[in-house]
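These notes are about the structure you will find just below.
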Amino acid sequence: MTQPDYVEENRRTWNEDAPNWVAAGEASWASEVPTWGQWAIPDDEVGLLPADMTELTAIELGCGTGYVSRWMERRGASVVAIDVSEGQLATAKRLGEEHGSRIEWLHGNAETVPYPDGFFDFAVSEYGAALWCDPYAWIPEAVRLLRPGGRLSFLTNSPIVTSCFPMDGSEAGFKLVRPYFGQHMFDWTSVEIDPGGVEFNLAISDWFSLFRQHGLQVVDFLELQAPESATGTPFVVPADWAKSHPSEIVWKLRKKP
């Protein structure tokens, strides 16, 4: 099946960038206590994963170096992980072998996963598919993969911060420079500063509409705030910006029984 152009672009981008994520992946695999997002917010404040995943079948959509999958495995889940980048998967597979993991690694696009309907109890994405796949494709695919009553959790950029990203690819500022309503695809391939791949986001009301359309109930919604100790500008979001505005959001959803 022919893939959209952005899938190949993101595959190329992440293969080129994969060496830059090895050290972070190694550190996260070694950590038994998850932290989340660009500000490393503690798990007890985010709760992206169920505390006990014993006997659950789980899938990570856009796994990168696979540390979230490892955290799920440690909590008792049987885990499948998919990513479009061979380079990222190479790191994930190596770390899996070193840690004695039994995670199944799949190379592919998280918008089309080669598993049957209703196979999984839980699906998750920390960025991954949540940022780099089209929500109008990956959300219905996640729903298809979940059994009735299954859960989906994901973390991605806030649509507020995407409205504050300058057109040249520089860091987020305190002015709205893009329309909030109607946002969908953000093509960074040709920007002047730090060109990259193709990202996606939606206005909050559009996320709600998409969830309703595909039978997902909202269990919780979080807007993450950078801690007072945060410094620097990770991923073009200054810490001072993220202390007063949400740079990241978390959705916790349930497929209708």
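Filter the stretch 78-102 down to the residues that are over 25 Å from Gly197 (Cα atoms) and either within 18 Å of the chain's Cα centre (by Cα) or among the aromatic types (Phe, Trp, Tyr) (or both) and list them by number.
Within the stretch 78-102, just Val79 meets the criteria.
Among the helices (runs of 4 or more DSSP H) contained in the stretch 3-48, which hold 1 or more residues that are touching a residue at least 24 places away in the same chain (Cβ under 8 Å), closer than 24 Å to Gly96 by Cα and in contact with a helix residue (DSSP H, G or I) (Cβ under 9 Å, 6 or more places away or on another chain)?
So the answer is 5-17, 22-30.
Which members of the stretch 218-255 meet the condition of being under 18 Å from Ala203 (Cβ atoms) and of a type in the set (S, T, N, Q)?
Hit for the stretch 218-255 is Ser247, nothing else.
Can you tell me which of Phe181, Phe165, Phe186 is in a loop (DSSP other than H, G, I, E, B), under 21 Å from the mean Cα position of the chain (by Cα) and of a type in the set (Phe, Trp, Tyr)? Quick ask: steps written out before the conclusion?
Values: Phe181 fails: under 21 Å from the mean Cα position of the chain (by Cα); Phe186 fails: in a loop (DSSP other than H, G, I, E, B).
Of Phe181, Phe165, Phe186, the one residue that is in a loop (DSSP other than H, G, I, E, B), under 21 Å from the mean Cα position of the chain (by Cα) and of a type in the set (Phe, Trp, Tyr) is Phe165.
For the stretch 136-162, what are the residues that are among the hydrophobic types (A, V, I, L, M, F, W, C) and either closer than 20 Å to Val46 by Cβ or in a helix (DSSP H, G or I) (or both)?
Within the stretch 136-162, Ala137, Trp138, Ile139, Ala142, Val143, Leu145, Leu152, Phe154, Leu155, Ile160, Val161 meet the criteria.
Which residue out of Val219, Val250 is out of contact with any Pro (no Cβ under 8 Å at 6 or more places or on another chain), assigned to a strand (DSSP E or B), β-branched (Val, Ile, Thr) and surrounded by 18 or more Cβ atoms within 10 Å (Cβ to Cβ)?
Val250
Within the stretch 227-257, how many residues are under 23 Å from Glu45 (Cα atoms) and under 18 Å from the mean Cα position of the chain (by Cα)?
Residues of the stretch 227-257 that are under 23 Å from Glu45 (Cα atoms), as a first pass: 227-235, 237-254.
Remaining after also requiring under 18 Å from the mean Cα position of the chain (by Cα): 234-235, 237, 246-254.
Number satisfying all stated conditions: 12.
None of the figures in this text is laboratory data; all of them are computed from the coordinates on show. Because the structure is a prediction, the values reported are computed rather than measured. Every residue, glycine among them, receives a Cβ derived from its backbone with ideal geometry; neighbour counts consider all protein chains shown.
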